[in-house]
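Below is one structure; the comments refer to it alone.
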Amino acid sequence: MLVLGIESSCDDTAAAVVENGTKILSSVILDQNTIHSIYGGVVPELAGRSHVEVIDKVIKQALKLSEVSLEEIDLIAVTKGPGLVSSLLVGINTAKALAYALQIPLIGVNHLEGHLLAIFLQEPVKFPFIALTVSGGHTDLYRVNGFGEYIILGRTRDDAAGEAFDKVAKMLNLGYPGGPIIEKKAKFGNSSAHHFPRAFLEKGSLDFSFSGLKTSVRNIISKREELSGFILSDEDIAASFQSAVIEVLSTKLVLACKQQNINRVVVTGGVAANQALRQKVKVECDKNDFQCFFPNLRYCTDNAAMIACAGYYNSCNSFPVVNSFLSLDASSVKSL
Ligand code: KG4
Ligand code: ZN
């Protein structure tokens, strides 16, 4: 089955052609980093407008690279949410129009389910597994029992981990998106230069909180000149901040496995592209005899191949209703 995936939930316009949920024939991603970098974050109005300008070109390019014609597509899968409504609507309306014109089925995919299943573009991980979804909008722990069977174990009570990376980069005037920039700076810094707070919350809790850490970074940045002659560099702040985030994420991931008695983990979402996080998770998993899986870097951050993949598995299991394009709109967004 040939699936055309379309993703426009935030600031990446993406289209992909995927065969049978695993074989990526093409994956095109156009980011809007130059548009948003001067603001240090995504401006929803600008994001929506930019999607409108490029979505048809991105889809055409994906079809061209895959050497598949529109008429050969069996199913269209589009991100239905969560995300920025003005961005989501561009992908959803384009997908509706295409499905209607071609008279083929359309399926709305939850963006988080796309991240959860991105690993299946590479290898079929055995169920059940624990998934840590860490992106700009979400930091969640799931028990994944099968396709469509997701039990939420914990989530952030305030900021997402990726958002914290973006805000810290903004505070240091380093640009957007902050994650890759902070990661690069951190390589040249001392992660023990400052001990930022780690919010582990109540004993046994699998929830997260990063707002206190963010505030603490802000305080240190404004006070660093006064720190008794010891001046923290941007690199030291980046490394110390990153190590606080990674310690909390990896500790809670291991705790989730132990609580659920599961020895397989998948780490996914934009922050899963962070090499230091991947290394730490690998070390902790080796210590505990867990298997760990990470999507390739290109499929950690937003992309349409993961949407095509999730659309494929949803349609195989016939949930939710395929061909519901008349009722599919951004207001039908539900959390996973
Ligand atoms: O999954 P994603 O592309 O979009 C959302 O669904 O939010 O994730 C984007 C987030 C941004 O906050 C970005 O700063 C972060 O992922 N990110 C990273 C890295 N690459 C992207 N965070 C830490 N280290 C990275 N290498
Ligand atoms: Zn995402």
Problem - Odd one out for Asp31, checked against (1) under 24 Å from Ile119 (Cα atoms); (2) of a type outside the set (Lys, Arg); (3) open to solvent by 50 Å² or more (accessible area, probe 1.4 Å); (4) in contact (Cβ under 8 Å) with a residue 24 or more places away in the chain - result: (4)
Problem - Any hit, region 111-122, residues being assigned to a strand (DSSP E or B) and either of a type outside the set (A, V, I, L, M) or out of contact with any Leu (no Cβ under 7 Å at 6 or more places or on another chain) (or both) - result: no
Problem - strands (runs of 3 or more DSSP E) completely within region 1-88 that count 1 or more residues being among the polar types (S, T, N, Q) and at pLDDT 95 or above - result: 12-19, 23-31, 75-81
Problem - Failed criterion for Leu132 (all others in (1) of a type in the set (A, V, I, L, M, F, W, C); (2) in the same structural domain as Asp289 (by TED's automatic domain parsing); (3) surrounded by fewer than 15 Cβ atoms within 10 Å (Cβ to Cβ) hold) - result: (3)
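Condition first: more than 26 Å from Gly146 (Cα to Cα) and more than 11 Å from ligand 1 (Cβ to nearest atom). Can you find one or more residues in region 249-258 that meet it? Full working, then the answer.
If we filter region 249-258 for residues that are more than 26 Å from Gly146 (Cα to Cα), which is where we start, we get none.
No; the residues of region 249-258 include none that is more than 26 Å from Gly146 (Cα to Cα) and more than 11 Å from ligand 1 (Cβ to nearest atom).
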Handout entry: Residues (open to solvent by 10 Å² or more (accessible area, probe 1.4 Å), more than 17 Å from Glu183 (Cα to Cα) and in contact with a strand residue (DSSP E or B) (Cβ under 9 Å, 6 or more places away or on another chain)) located in region 265-289
Key = Lys282, Glu284, Asp286
Practice task
Please determine, by comparing only the residues of region 230-255 that are surrounded by fewer than 20 Cβ atoms within 10 Å (Cβ to Cβ) and among the hydroxyl-bearing types (Ser, Thr, Tyr), which one is farthest from the chain's Cα centre (by Cα).
Solution key: Ser233
Exercise for the section: Within region 135-151, count every residue that is open to solvent by 30 Å² or more (accessible area, probe 1.4 Å) and under 16 Å from the mean Cα position of the chain (by Cα). Expected result: 3
Practice task
Being of a type in the set (D, E, K, R) and either more than 25 Å from the chain's Cα centre (by Cα) or farther than 19 Å from Ser250 by Cβ (or both) is the filter here, so list the residues in region 172-213 that pass it.
Solution key: Lys184, Lys185, Glu202, Lys203
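Please pick out the residue among Leu121, Leu117 that is touching a residue at least 40 places away in the same chain (Cβ under 8 Å), open to solvent by less than 10 Å² (accessible area, probe 1.4 Å) and either within 16 Å of ligand 1 (Cβ to nearest atom) or not charged (D, E, K, R) (or both).
Values: Leu121 fails: open to solvent by less than 10 Å² (accessible area, probe 1.4 Å).
Only one candidate passes the filter, namely Leu117.
For the condition assigned by TED's automatic domain parsing to the domain that holds Val245, within 16 Å of ligand 2 (Cβ to nearest atom) and outside any helix (DSSP H, G or I), what is the one hit in Gly137, Gly204, Gly179, Gly162?
Details: Gly204 fails: within 16 Å of ligand 2 (Cβ to nearest atom); Gly179 fails: outside any helix (DSSP H, G or I); Gly162 fails: outside any helix (DSSP H, G or I).
Only one candidate passes the filter, namely Gly137.
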Practice task
Give just the number: which of (1) without any contact (Cβ under 8 Å) to a residue 40 or more places away in the chain; (2) crowded, with 16+ Cβ neighbours inside 10 Å; (3) not hydrophobic (A, V, I, L, M, F, W, C) does Ser209 not satisfy?
Solution key: (1)
Handout entry: Matching residues, region 259-278, being farther than 23 Å from Asp302 by Cβ and either within 16 Å of ligand 1 (Cβ to nearest atom) or of a type in the set (D, E, K, R) (or both)
Key = Arg264
Practice task
Search region 124-149 for residues being aromatic (Phe, Trp, Tyr) and away from ligand 1 (no atom under 16 Å from the Cβ), and hand back the single one that is nearest to Pro295 (Cα to Cα).
Solution key: Phe129
Completion exercise
Considering region 9-28, residues that are within 21 Å of Gly83 (Cα to Cα) and more than 12 Å from ligand 1 (Cβ to nearest atom), and then whichever is surrounded by the most Cβ atoms within 10 Å (Cβ to Cβ), we arrive at Ala15
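The values are calculated or read from the model by the stated rules, or taken from the named source; none is laboratory data. Just so it is clear, the model here is predicted, and its values are computed rather than measured. As a convention, Cβ positions derive from the backbone with ideal geometry for all residues, glycine included, and neighbour counts pool all protein chains shown. Remember, those area values only see protein heavy atoms, side chains included, never the ligands or the DNA or RNA. Shrake-Rupley method; radii C 1.70, N 1.55, O 1.52, S 1.80 Å.
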